[in-house]
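Notes to accompany the following structure.
Nothing in this text is a laboratory measurement; each read-out follows from the coordinates by a stated rule. The structure presented is a predicted model; accordingly, all values stated were derived computationally and were not measured. All Cβ positions, even for glycine, are placed from backbone atoms using ideal geometry, and neighbour counts span all protein chains on display.
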Amino acid sequence: MLIILLGPPGAGKGTQAEFLVQKYGSAYISTGEILRSAVKKGTAMGKQAKQYMDQGQLVPDEVVVGIVQERLLEPDCGQGALLDGFPRTVVQARSLDRVLGEMNSRLDAVVHIAVEEEELIARLTGRRVCRDCGATYHVKFNPPKVRNICDQCGGELSQRDDDSLATVTERLLVYKKQTEPLIEYYQKRNLLYTIDGNQEIGAISTQIITVLDQL
Ligand code: AP5
Ligand code: MG
C-alpha cells in the first residue's frame, strides 16, 4: 500500500506514522526526518536545506522530489510505503504521480489529519523529540515516563530547532498557502480521507486503521 499522511505542522503525522509503521510494517518516508538527518550530518544538501527549514520555509521542490524518488527505489519500498510530509506542493504531487507512473505503481489513499490552528501551536511548542531514536513526545499531551528521557531507548529529549513560536507561525502560513491546495487535488482524484485530528492520539489511530483496512 502506498499511503500519504497529509496535514498541517503538528497535526500528528509523525506520531501516527510511528504507530502505523509498527502495525503494518510499511517502509516509512518522512522528508522532514531525511532533511534533519542531512542537516545533522552536515552534507551539502543538509546545509542548503537548513537555510529554508530554520525560516519555516519549504525546501525547493527539486531537492525533495529527488530525495523521494531515490528512496522509493530502495528494496524496503517494494510493497509500498507511508509518506509523511511529502508531497507538500502541487508541483511535488504532480512529480510523485509521474514517478509512480514510471514505476508502474499508484497511490492507494491520502489520509488528511485536520486540526485547529490554536491546538497546532500548543502541540508544536510543547513537542520534544528523542535525540537518538527520534521518538516524539509532548510535555503535556504525551509526556515520557521520566522527564526528558525517551521511553523507548533512554535517549535525551530535545526541542526541534523549528518549534519556536516565530517559526511555527511561519510554517502554518506556508502550509495554508502551499500545501492546503493538495486537499482539493486529492479530493478530485477520490483519494482523500479526512480524519478529525482534534481527538486523542489513540482515537485517531483507530480511525486511520478503519480507513486503511477498508482499502
Ligand atoms: P516536517 O518534519 O515534515 O514537519 P511538519 O510537516 O511541519 O510537521 P511536524 O513534524 O512538525 O508535525 P507532525 O504532524 O509530524 O506532528 P507530530 O506527530 O510530531 O518538516 C520540517 C521542515 O522540513 C519543513 O518546514 C520544510 O522546511 C522541510 N520539508 C519537509 N518536507 C518537505 C517537503 N516535502 N517539501 C519541502 N520542504 C520540506 O505531533 C506534534 C506534537 O503534538 C507532538 O508533541 C505530539 O506528541 C503531539 N500530538 C500528536 N498527536 C496529538 C494528539 N492527538 N493530541 C495531543 N497531542 C498530540
Ligand atoms: Mg513530523
### Message
Taking the conditions exactly as written (in a helix (DSSP H, G or I) and more than 12 Å from ligand 1 (Cβ to nearest atom)), does GLN22 satisfy them or not?
### Response
yes
### Task
Restrict the check to region 46-57 and report whether at least one residue is within 30 Å of ALA203 (Cα to Cα) and either β-branched (Val, Ile, Thr) or in contact with a helix residue (DSSP H, G or I) (Cβ under 6 Å, 6 or more places away or on another chain) (or both).
yes
### Task
Of the numbered conditions (1) without any contact (Cβ under 8 Å) to a residue 24 or more places away in the chain; (2) more than 15 Å from GLY10 (Cα to Cα); (3) in contact with a Cys (Cβ under 9 Å, 6 or more places away or on another chain), GLU156 fails exactly one; give the number of that condition.
(1)
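State which residue is nearest to ligand 2 (Cβ to nearest atom) when the search covers only region 30-48 and only residues that are among the hydroxyl-bearing types (Ser, Thr, Tyr) and not in a helix (DSSP H, G or I). Steps first, answer last, please.
Filtering region 30-48 for residues among the hydroxyl-bearing types (Ser, Thr, Tyr) gives 30-31, 37, 43.
Subset that is not in a helix (DSSP H, G or I): 30, 43.
Numbers: SER30: 6, THR43: 20 Å.
Taking the candidates together, the pick is SER30.
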### Message
Could you go through region 109-118 and let me know if any residue there is under 23 Å from GLN207 (Cα atoms), out of contact with any Lys or Arg (no Cβ under 8 Å at 6 or more places or on another chain) and assigned to a helix (DSSP H, G or I).
### Response
yes
### Query
Quick check: anything in region 79-88 charged (D, E, K, R), in contact (Cβ under 8 Å) with a residue 24 or more places away in the chain and under 22 Å from GLN214 (Cβ atoms)?
yes
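Residue-wise test of (1) within 16 Å of ligand 2 (Cβ to nearest atom); (2) touching a residue at least 24 places away in the same chain (Cβ under 8 Å); (3) of a type in the set (Val, Ile, Thr).
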| residue | (1), (2), (3) |
| --- | --- |
| GLY10 | yes, yes, no |
| LEU20 | yes, yes, no |
| LYS23 | no, yes, no |
| TYR28 | yes, yes, no |
| LYS50 | no, no, no |
| MET53 | yes, yes, no |
| GLN57 | no, yes, no |
## Note on the structure
Among the residues of region 119-137, the number that are closer than 30 Å to TYR185 by Cβ and not in a helix (DSSP H, G or I) is 4
#### Entry: Complete set of residues in region 37-48 that are within 12 Å of ligand 1 (Cβ to nearest atom) and without any contact (Cβ under 8 Å) to a residue 12 or more places away in the chain
SER37, ALA38, GLY46
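Do we have any residue at all in region 59-78 that's part of a loop (DSSP other than H, G, I, E, B), in contact with a Lys or Arg (Cβ under 7 Å, 6 or more places away or on another chain) and not hydrophobic (A, V, I, L, M, F, W, C)?
So the first thing to find is which residues in region 59-78 are part of a loop (DSSP other than H, G, I, E, B), and the list is 59-60, 73-74, 78.
Filter again for in contact with a Lys or Arg (Cβ under 7 Å, 6 or more places away or on another chain), leaving none.
Within region 59-78, none of the residues are part of a loop (DSSP other than H, G, I, E, B), in contact with a Lys or Arg (Cβ under 7 Å, 6 or more places away or on another chain) and not hydrophobic (A, V, I, L, M, F, W, C).
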### Query
Just checking, which of GLY101, GLY154 is more than 16 Å from ligand 2 (Cβ to nearest atom), assigned to a loop (DSSP other than H, G, I, E, B), out of contact with any His (no Cβ under 9 Å at 6 or more places or on another chain) and not hydrophobic (A, V, I, L, M, F, W, C)?
GLY154
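Just to verify a result, which residue in region 174-215, among those that are among the charged types (D, E, K, R) and outside any loop (DSSP other than H, G, I, E, B), is nearest to ligand 1 (Cβ to nearest atom)?
Taking region 174-215 as the starting set, the residues that turn out to be among the charged types (D, E, K, R) are 176-177, 180, 184, 188-189, 196, 200, 213.
Restricting the remaining residues to those that are outside any loop (DSSP other than H, G, I, E, B) gives 176-177, 184, 188, 196, 213.
Details: LYS176: 12, LYS177: 13, GLU184: 18, LYS188: 20, ASP196: 10, ASP213: 20 Å.
Top of the filtered list is ASP196.
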### Query
Within the group ARG88, ARG94, which residue is within 20 Å of TYR185 (Cα to Cα) and near ligand 1 (Cβ under 10 Å from one of its atoms)?
ARG88
